[in-house]
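Structure, as structure tokens:
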Amino acid sequence: MQGFILHTQKVKDEDLIVSILSPKRFIKTYRFYGVRHSSILNGYKIDFSLDEHPNFLPRLKDVLHLNFSWIMHREKMFIWQEFIRLLFNHLKDTEVIEEFYFLLLEECVKRFEKQNPKRVIVDAYLKILEFEGRLFRDFICFSCEEKIQNQITLIRAFLPSHNHCALGYEFEEKKIKYFYENQNSRIFNDEEIQNLYNLIKEGL
Ligand SMILES: [Zn+2]
């Protein structure tokens with residue numbers, strides 16, 4: 001089967017606990033050091049099989065690294081691994097998982113080839129919020145519960161607020177609306193993308 005490595009943890013000498021996001025499951029596996037080495041790095045997509053053990057984590061075996069065309073692009077890889085860390089923290093206590101997350105990562109890998117990776121992550125995060133029912137489309141300030149107009153300040157998890165009610169980044173209401181309706185961040189300039197990206201880094 002296939003999956004994305006979301007996290008690795010060293011245990012006992014060189015053994016690893018490897019957390020993998022497959023289409024339907026979030027799997028914690030154990031990988032023994034030795035035998036045959038293949039790359040186990042956060043964010044890598046792999047083909048693999050499991051040796052189930054009744055009283056222990058399944059063993060990870062037959063690992064084949066499935067390369068991305070941009071894997072040698074340092075900045076893209078850095079941004080990718082940053083997103084993977086955030087996603088791991090978000091999903092780590094889940095076991096049965098909807099295919100949405102795996103498919104989203106596959107889409108991101110493709111879009112990373114040609115697009116600004118931060119824009120790709122911003123779009124992906126909007127899809128996560130929408131999928132999880134956490135996207136606030138009516139601009140009511142989370143702090144004072146009054147309507148917000150013209151300029152929307154967003155904070156972590158894209159919660160909307162007035163500029164004077166919370167510390168975040170300000171955006172034009174019409175741009176946010178466009179972004180939410182089209183699920184595409186093309187309306188934002190690079191500085192705005194960076195600001196949205198900074199909010200994502202605070203945690204999914
Ligand atoms: Zn307010």
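Can you list the lysines whose alpha carbon sits under 17 Å from that of Lys177, skipping same-chain ones fewer than 8 residues off?
The reachable lysines, counting only those whose Cα sits under 17 Å from Lys177, are Lys127, Lys147.
Please work out the FRET efficiency for the pair Glu146 and Leu103, using the Cβ-Cβ distance as r and a Förster radius of 45 Å; give the result to the nearest 0.05.
Efficiency for this residue pair is about 0.75.
For a quick protection proxy, order the peptides 82-90, 119-127 by their average other-Cβ count within 10 Å, most packed first.
119-127, 82-90
Considering the options Asn198, Val96, Asn42, tell which one lies farthest towards the positive end of the dipole of the chain, charges being +1 on Lys and Arg and -1 on Asp and Glu at the Cβ, about the Cα centre.
Highest projection toward the positive end goes to Asn42.
Remind me, relative contact order of the stretch 123-204 in percent, using alpha carbon pairs under 8 angstrom and six or more residues apart?
Computed over the stretch 123-204, the figure is 27 percent.
When all alpha-carbon pairs of the stretch 61-184 are counted, what percent fall beyond 26 Å?
Across the stretch 61-184, Cα pairs with separations above 26 Å total 33 percent.
If you take every DSSP beta bridge fully contained in the chain, what fraction is antiparallel? Give it as a percent rounded to 5.
95
Order of 65-75, 16-26 by packing, highest average Cβ count within 10 Å first?
In decreasing order of mean packing, 65-75, 16-26 become 16-26, 65-75.
Kindly flag which residue pairs out of Lys114/Lys174; Lys45/Lys76; Lys28/Lys61; Lys61/Lys114; Lys61/Lys110 have an alpha-carbon separation exceeding 21 Å in this structure.
Beyond 21 Å between Cα atoms: Lys114/Lys174; Lys61/Lys114; Lys61/Lys110.
So what is the relative contact order for the stretch 1-114, in percent, with contacts set as C-alpha pairs under 8 Å and at least six apart?
27
Could you compute the net charge surrounding Glu192? Neighbours are other residues with a C-beta less than 12 Å from the C-beta of Glu192; K and R count +1, D and E count -1.
Computed value for this residue: 0.
State the volume of the convex hull built on the alpha-carbon positions of the stretch 1-149, expressed per residue in Å³ and rounded to an integer.
About 149 Å³ per residue, rounded to a whole number.
Rounded to the nearest 0.05, what FRET efficiency do Glu95 and Asn182 have when you use their Cβ-Cβ distance and R0 = 35 Å?
0.55
With +1 assigned to the C-beta of every Lys and Arg and -1 to the C-beta of every Asp and Glu, and no other charges, what is the dipole magnitude of the stretch 123-204 about the Cα centre in debye, to the nearest 20?
Dipole of the stretch 123-204, to the nearest 20 debye: 140 debye.
For the stretch 137-204 and the stretch 4-83, what is the centre-to-centre distance using only Cα atoms, to the nearest Å?
35
What number does the stretch 136-186 give for Rg over Rh if you use C-alpha atoms and the Kirkwood radius?
That ratio equals 0.94.
Please report the relative contact order for the chain, taking Cα pairs under 8 Å with a sequence separation of at least 6, and give it as a percent rounded to a whole number.
15
Every number here is computed from the coordinates shown, using simple stated rules; none is lab data. Keep in mind the model is a prediction, meaning the values are calculated, not measured. Counting neighbours? That spans all protein chains shown, and the Cβs are built from the backbone with ideal geometry, glycine included.
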